[in-house]
Every structure is written in structure tokens, then in C-alpha cells.
Amino acid sequence: MALLQISEPGMAPAPHQKRLAVGIDLGTTNSLVATIRNSLPEVLPDEEGRALLPSAVHYAEGGRTRIGLAALAERAVDPVNTIVSAKRFMGRGLADVQRLYGPHLPYDFIDAPGMVQLRTRAGIKSPVEVSAEILATLRQRAEDSLGDDLVGAVITVPAYFDDAQRQATKDAAQLAGLNVLRLLNEPTAAAIAYGLDNGSEGTYAVYDLGGGTFDISILKLSRGIFEVLATGGDSALGGDDFDARLVALVVDRLGVAALSREEQAQLSVEARRVKEALSVAETEHFRVTLRGQAYGVEVTRAELVTATSDLIRRSILAVQKCLRDAGQKVEAVDGVILVGGATRMPEVRAAVGRLFGREPLTNLDPDEVVALGAAIQANLLAGNRASGDDWLLLDVIPLSLGVETMGGLVEKIIPRNSTLPVARAQEFTTFKDGQTALSIHVVQGERELVADCRSLGRFELRGIPPMVAGGARIRVTYQVDADGLLSVAAREMTSGVEASIMVKPAYGLAESDIARMLEEGFGAAQADMQARAVREQQVEAERLVAATRSALGEDAALLSSEERERLECLVREVASAAQGTDHVAIKNAIDSLARGTETFAARRMDEGIRRALSGRRLDEIL
């Protein structure tokens, strides 16, 4: 075990004291590890000189496990025990996975609490365990290359990974024996690599199309400050989806149906090869053996473009939305960085070039650029700060975080695209007289109603002193760390009682949930505001009706029978209006009741003062 090295504050360790840290790109298709050597980032290869480690794990007979290329070679013959694209399952439940693959599930999935599990010959495995095998292989590669133990690693994640997916990634790293210095968004890591390696300044778009996800980030690079202006993307769009379209094209042409898992796996492997070949050639033969018969189908690049044009269009729409969020026009973008192996497809590059009116930057390998940026960040966080390393990274949160209030409404506390780390607080109060506990429901999304957002967690604040409704002051604080992980605390300001939670949802957002949330948030904004206005008036109506009925129960004697009947009539009108969806009608009924109770309220106040002063001498009061 390496000894802890100590240096003076603000001073870099001496060369022989350099603390070893790495950046890891845990990818859907391939994974990499990189570090800083001789002040420059470089990817660490395996013994055969290969930089890319296929993100594949094969559970073989006799308890043996193969990882990488050796595992990938088993995929066509033993697909159930060869797990690929495990990153797509991280933090997800069975329903999410079924939406991803439809009726053709590639593995024997188990609907376990918290996260989907996979049945293999080595037993039940979670996506976290599969990912840990890959991370452990990269850790061993790094330690063998560097000759010592690592102090930690920066691991990259898609910008659109939610709380559960980020936590699952950290859990996998812990299983692999890695100390996570930070989780870093993949587009941000790419920008770091370009910003420091090339001395770039200005506004940049990072277009990241990997094997399983698509991310887009708009960043401003200026004098050592990396500021993420906005992030977006599609968590259900990646190279795997292009492969699936190519498989569907070939299967349709061959006219075959009811394929086995082995045949599906064989088609997927061949589809990836053909897709990559079509990036440099106009035609390629798709060769596959189905039910003992060999087939050869010629596929052209034009056919692939036609079959996948809507996928590329989805990515371009996400880019345009992200630009709007960042408040930037296409003309203001100084450069476009391509990240991810899928960006090698000529039509993808052409579509991006058409949108921005310029050739994308490709001078850094799109497969390696994320790992290189992560290595730069890891080196800094490990304490190996050198002269000129004075730079600041400002990332953002992809979706708004809020809390449920009365009536099923969402009160947003941290809006999306807020700079990380971030902490925001807001005060709330009780709804009922004598309320001594409060349930805090943490939600994520862009809609106005809880039913349309994603639940992240719940906890209770107990021990609130009994007070009249609205008397308690409850401060709710949301804090998101640099990894994008959320913690929530609630404190009653008068008594000091408090409760908190490290939000760790049962499972992550469903495929395309984030993109859907944003689309629905924009498309349904007017309807949401209408619904919110109705619920707010309904909540106010419920409060006023309850308060009036309580007052009538206590002090009805202060009213004549006619006055009491008139008030009860107004109460019924408010209760009836609250059953409808016309917020103006509800408000008018509330206003009428408020005016109708003014005399009653004045009499109650006079009576309260009379009771308080009754039987007391003047000198006792003064």
C-alpha cells in the first residue's frame, strides 16, 4: 500500500511524491483508463497495446470470468452469460429495461427491489457487479502500468445520469476497490481535454454520441474557467440503437422471424461490424448464419442513413433545445467537439456540421477524449497541482429538484442547469392546527404536478411544537455535491428539530424519461400553469373552509341564526366551487367567504380580548 504523501499547502508534491490517480471512461460499448505522464494525459493500454477495453463480461463454466475481448468472443454462442451494455441497466428497474428492449430481452432479467438483476451461470448478478468487473480490470491495468497503488479515480458518467445511476456507478467503483475522487459528466471531461490540451477559449458545444446514451453540453471556456451553460440529451439514444435498426433492416429483407437469443446476439455483433465498415465504405456485406443456413446481404451506406435518419434527427433536436437553454445562438458557438465512437458515422458528422455551419473538431480521438479529460481532473484532485494548473470547473444539474406541497404541487428548489455544487433553501409551514410532523417528498422533473415528475425519496420531520396552521417555520435545504448527488435536510426554526436524508432512489429514471420530462415541461407549460392555479385555489379553499367551520364550532354563539346560515351557505359555495376546475370561480367564492367572515372575525377578536382581560386588575396588565 502506498504511503500518504504530504506537501506544503499550495505546493505540488515533488516528482518522487506524485500521487497516482487516473481518469476512467466507463462506457456502454468500450471503457478506457488514462493518467498524466510527463505533464501530459495519455491512455493506458493493456499488455497487447490495446487502449479500448470492450465493456463485456462473460461468466464461464467453472466459475471463471472473462472480461473485454475474450468475453465479447463468447457473445454469439453464449449470449445469456455474456453481459454487454450493462451501463444501460445501471440504476434501473425491470419496467425500464422492458421499455428499452421491447419483447426481445437479451438476458434473463429478475425484477428485484432497487435494480434489475441478471440470472447467469455464476448466480444472480446486478449491473453494478458487472460494471465492477470492468472497473477492476481497468484499475489493475493502471496499477501494473504505473507500478503502484492508486489514490483514486475520476469516473465519467453521462450528463443525464440521475441520482440512482450516479450512485450505482460509485457503488461499482467501491466494489472494484477504487476511491472515487469525483464523478464527472462525459461532455465536461471532453471539454477539459480540449481546453487544456489545445488552449481553446470561447463557447463550445460537446456532441457526445456513445454506445448507449447521447449527451449535449454547451460550455464556455475562458482563462482557466470551464463553465457549463446548459446540458441536455437523450438517455435512450446511442450506437446500440443504430445497430438495432441495421438488424431490423436485414431481418426484414431475409423475411425471418422468431429468432433465438443466440441468433439475436449474432446479428447484433455483425451489425456493429457492418456499421463501422460503412463509416469508411459505401457498401458492406452483412454475413450471418441462421438455423444452419448462411446468408449474405449487401447493405449500402445510403440504406443505413435512411434507416437511422430519425435517430440523428432526435439528437439534433436535443442540441437545438440545449442551445435555447444556454441562451446561445448557433452563430455564437466557436467550435463543436465530437465525442463517442458513434460520431465516426459520416452522416452524424455531416448533420452536426450542417447545424453549426462548421466542421466539428476531431483532432482528439472521440473514443479517448473523455478518459483524457477525466485524467486531467483526477491529477488535479489528487493534489498534483503544477504551475499553471489554476483552473475552475463549473458543471450543472440536468433536471430541476423540488418538493411536494399541499395539493400535489411541485415547488422547485433547485432549477435545472444550476451550477454545481449548489445548495438552496426555502421555508415552508404547516397546513393544520397542532400539526407535529411533516412529510418531505423529494421529486425531480420540470412539471408543475407531482404526478408528472419522478419521486426520488421521502422522509419525515417529527417533533414540531403544536402551533396554529401556518405558525411553524420549516426550512428545507437541498444540497447537490460536485458528483451530482443530492442530500436534503429539514429544520423547524423555532424548536430546532431537524431531519435529513441522503437521497438514494430505488432506481433511476426510465429510458427517455429525462428527455420526455423536458419535452412535456415545454409542451405542457400552459396546461401545467392552469392546473397549478386550480390546485392552489383548491388548497386555499380547503384551508379557509376548515378554518371557518372550526370557528363556527367554537364561537357560533356570537352570530345570529340568520348570520350563521349565511356563513354556512358561503362555506358550501366554496366547497362546491373547489370541486370544479375553474380557478377564477374558486377564487371568487373564497373572496366572498373572506368578506362574509370579517364581522365574525372582529367579534371573535373582541371576545378573545374580553376573556383575556376578564377578572384581571389594570396593574396586572400594565
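Below is a table of values for the structure above.
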quantity	calculated
Modelled FRET efficiency - R0 22 Å, residue 262 with residue 144, Cβ distances, 0.05 increments	0.05
Linear extension gain, residue 48 paired with residue 254, 0.36 nm per residue minus alpha-carbon span	70.3 nm
Rounded to 10°, Cα long-axis angle of helix 561-577 versus longest principal axis of the chain	10
Under 5 Å, built H, 5+ apart or other chain: amide partners of residue 27	32
Rg [Å, one decimal], Dmax [Å, integer] - the chain, C-alpha atoms	29.9, 108
Residues whose placed amide H lies under 5 Å from that of residue 394, excluding near-sequence neighbours	226, 227, 228
On Cα atoms only, tilt of 513-523 relative to the major axis of the chain in degrees	50
The range 61-134 - convex hull of the alpha-carbon atoms, volume per residue in Å³	86
Value of Rg/Rh across the range 534-589 [Cα atoms, Kirkwood radius]	1.03
Rounded to 10°, Cα long-axis angle of helix 127-146 versus longest principal axis of the chain	50
Of 333, 269, 315, farthest towards positive along the dipole that unit charges on Lys, Arg, Asp, Glu beta carbons give the range 253-344	315
Debye intensity ratio I(q)/I(0), log10, the range 223-365, q values 0.21 Å⁻¹ (C-alpha model)	-1.30
Long pairs among 220/275; 321/412; 125/275; 125/412, criterion Cα-Cα beyond 28 Å	220/275; 125/275; 125/412
Spread of Cα-to-Cα distances over 5 Å intervals beginning at zero, given as percent, for the range 107-157	5, 16, 22, 17, 13, 12, 11, 5, 0
Rounded if a/c under 1.5, otherwise prolate or oblate - the range 112-206, Cα gyration tensor axes	oblate
Rule-of-thumb Rg ratio for the range 138-286 [Cα; 2.2 N^0.38 Å; N residues]	1.34
Cα centre as origin, Lys/Arg/Asp/Glu Cβ charges: the range 346-438 dipole, Debye	260
Peptides ranked, highest mean first, by Cβ atoms within 10 Å: ranges 125-137, 245-257	125-137, 245-257
Surface accessible to a 1.4 Å probe, residue 99 within the full protein complex, Å²	140
Inter-probe distance in nm under a simple model that places probes 7 Å from Cα toward Cβ, at residue 605 and residue 309	7.2
Entries in 18/170; 87/170; 432/587; 87/329 that, when Cα-Cα distance is taken, lie over 23 Å	18/170; 87/329
Longest to shortest principal axis, alpha-carbon extents of the range 389-509, angstrom	54, 34, 22
Solvent accessible area, Å² - residue 502, 1.4 Å probe, full protein context	130
Residue 497 long-range amide H proximity, modeled H, under 5 Å	492
Inter-label distance for residue 302 and residue 222, nm, one decimal - labels placed 7 Å from Cα along Cα-to-Cβ	4.8
Size of charge dipole - the range 270-361 - debye, nearest 20, with Cβ of Lys, Arg +1 and Asp, Glu -1, no other charges	240
Rounded to whole Hz, the Karplus (6.51, -1.76, 1.60) HN-Hα couplings of the range 300-317, x for glycine and proline	9, 4, 4, 5, 5, 4, 4, 6, 10, 4, 5, 5, 5, 4, 4, 5, 5, 4
Rounded to the nearest 20 debye, dipole of the chain from Cβ charges on Lys, Arg, Asp, Glu	600
Residue 536 - accessible surface, heavy atoms, 1.4 Å probe, Å² rounded to 10	90
Estimated translational D of the range 286-331 in µm²/s (Stokes, Kirkwood radius over Cα pairs; 25 °C; 0.890 mPa s)	178
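The values are calculated or read from the model by the stated rules, or taken from the named source; none is laboratory data. Everything quoted here is computed from the prediction, not taken from an experiment. In this analysis, Cβ positions are derived from the backbone assuming ideal geometry, glycine residues included, and neighbour counts consider all displayed protein chains. Areas reflect the complete protein model, heavy atoms only, side chains present, ligands, DNA and RNA absent. Shrake-Rupley method; radii C 1.70, N 1.55, O 1.52, S 1.80 Å.
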